[in-house]
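Undergrad: Pasting a structure here, questions to come.
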Amino acid sequence: MLKTIPRMRAEAAKDVFELIGNTPLLRFRKLAAPFAPVEIYAKAEWYNPGGSVKDRPAREIILTAEREGQLRPGKVILDATSGNMGIAYAMLGAARGYRVTLCIPANASPERLRILRAYGAELILTDPLEGTDGAILEARRRYEAEPERYFYADQYNNPANWRAHYRTTGPEIWEQTEGRITHFVAGLGTSGTMMGVGRYLKERNPAIRLIGVQPDGPFHGLEGLKHMETAIRPGIYDPDLLDEIVPISTEEAYAMARRLAREEGLFVGISAGAAMAAALKIAARLREGVVVTIFPDAGYKYLSENFWFEAGT
Ligand code: PMP
């Protein structure tokens, strides 16, 4: 059921930076049974110390900026984030001694806002009606007003975002499936996960198909994902890399998150529900194959949502 890269270390970890990555790959039997012999797997990204896939790009962005001299003691890390990237910056900034300022839509889940405050981050709440785009514009305004004060991490345009996945997530998936992966399915937010993993996998085997998952419309409840046609397009996003995009409705994602909790014992977030719903749609079309997706985070940050408590699937 569980395939892992060994996580035990002989010596103590120096800091949280070292705990990022090498997450388990989960194999599904029950949910995948109707599609046998197609195999379905998901990478359990909540195993990262900040609780999400975004620890990977945050680490790469911070280490790259330190190396290149843009981030130095005294600078404040600034970015726009719907939550998980902010948690990763707040955690890593605290560990390294940087202050962190985040522009975040005021309607982000209360759990996320409280976690960010617990790590000591400064929060600038932006108009919920403007979504993450409003937060991006506010971060740009602040940076332009005081460029000396901030290191603007700019996750939507920073190539270190996708490079983190090219260096870590992609090779892990390749090794954990022993090079057998045929389809990679991932939600599109900044698109860093898809761009980095996708480029790595296509280099290893150009026949691997890359399938992006996005909300089925501009107004949706899939926190962390973007409707690319109507949102500010991330600079790192290259749609030509993808073979296909699967739209998923908020209701489908909720229903799949409930099923994962109740049928597999996996309490995952809404975008993981969307990713699994898309992975099953892909599997349904195949005779054979190895479909791998990403479960970006766990369900705890979404507990104030009522869909968990609805009956049925
Ligand atoms: N799911 C969640 C919960 C996220 O926070 C994010 C990051 N925005 C994603 C999916 C998408 O990841 P990426 O930014 O790498 O496209």
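For (1) within 12 Å of the ligand (Cβ to nearest atom); (2) out of contact with any strand residue (DSSP E or B) (no Cβ under 9 Å at 6 or more places or on another chain), each residue gets a yes or a no:
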{"position": "Pro234", "(1), (2)": "yes, yes"}
{"position": "Asp238", "(1), (2)": "no, yes"}
{"position": "Val246", "(1), (2)": "no, no"}
{"position": "Tyr254", "(1), (2)": "no, yes"}
{"position": "Ala277", "(1), (2)": "no, no"}
{"position": "Ala283", "(1), (2)": "no, no"}
{"position": "Leu286", "(1), (2)": "no, no"}
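Undergrad: Further, regarding this structure: Would you point out the residue of region 89-108, among those that are in a loop (DSSP other than H, G, I, E, B) and either hydrophobic (A, V, I, L, M, F, W, C) or touching a residue at least 60 places away in the same chain (Cβ under 8 Å) (or both), that is surrounded by the most Cβ atoms within 10 Å (Cβ to Cβ)?
TA: Per the stated criteria, the residue is Ala108.
Undergrad: Sticking with this one: Among the residues that make up region 234-245, is at least one of them crowded, with 16+ Cβ neighbours inside 10 Å and hydroxyl-bearing (Ser, Thr, Tyr)?
TA: Looking for residues that are crowded, with 16+ Cβ neighbours inside 10 Å and hydroxyl-bearing (Ser, Thr, Tyr), one finds at least one in region 234-245, hence yes.
Undergrad: Then there's this: For a quick check of your reading: which strands (runs of 3 or more DSSP E) sit entirely within region 21-88 and have at least 1 residues that are aromatic (Phe, Trp, Tyr), in contact with a Pro (Cβ under 7 Å, 6 or more places away or on another chain) and surrounded by fewer than 17 Cβ atoms within 10 Å (Cβ to Cβ)?
TA: none
Undergrad: Please tell me if Glu111 is in contact (Cβ under 8 Å) with a residue 12 or more places away in the chain and either closer than 18 Å to Tyr156 by Cα or touching a strand residue (DSSP E or B) at 6+ places or on another chain (Cβ under 7 Å) (or both).
TA: No, not satisfied.
Undergrad: State whether the residues of region 265-273 include one that is away from the ligand (no atom under 16 Å from the Cβ) and more than 30 Å from Arg163 (Cβ to Cβ).
TA: yes
Undergrad: Does Asn157 qualify as being in contact (Cβ under 8 Å) with a residue 24 or more places away in the chain, touching a Gly at 6+ places or on another chain (Cβ under 8 Å), surrounded by fewer than 21 Cβ atoms within 10 Å (Cβ to Cβ) and not assigned by TED's automatic domain parsing to the domain that holds Ile62?
TA: yes
Undergrad: In region 137-176, what residues are under 13 Å from Ala58 (Cβ atoms), in a loop (DSSP other than H, G, I, E, B) and either charged (D, E, K, R) or under 16 Å from the mean Cα position of the chain (by Cα) (or both)?
TA: The answer is Asp154, Gln155, Asn158.
Undergrad: Hey, among Arg259, Arg204, Arg287, Arg233, which residue is free of Cβ contacts under 8 Å to residues at least 12 places away in the same chain and not small (Gly, Ala, Ser)?
TA: Of Arg259, Arg204, Arg287, Arg233, the one residue that is free of Cβ contacts under 8 Å to residues at least 12 places away in the same chain and not small (Gly, Ala, Ser) is Arg233.
Undergrad: State whether the residues of region 139-153 include one that is of a type outside the set (A, V, I, L, M, F, W, C), crowded, with 19+ Cβ neighbours inside 10 Å, within 16 Å of the ligand (Cβ to nearest atom) and farther than 25 Å from Ala44 by Cβ.
TA: No, region 139-153 contains no residue that is of a type outside the set (A, V, I, L, M, F, W, C), crowded, with 19+ Cβ neighbours inside 10 Å, within 16 Å of the ligand (Cβ to nearest atom) and farther than 25 Å from Ala44 by Cβ.
The values are calculated or read from the model by the stated rules, or taken from the named source; none is laboratory data. Note that the coordinates shown come from a computational prediction; the quantities given were computed from them, not determined experimentally. Quick reminder, even Gly has a Cβ in these numbers, built from the backbone with ideal geometry, and neighbours come from all protein chains shown.
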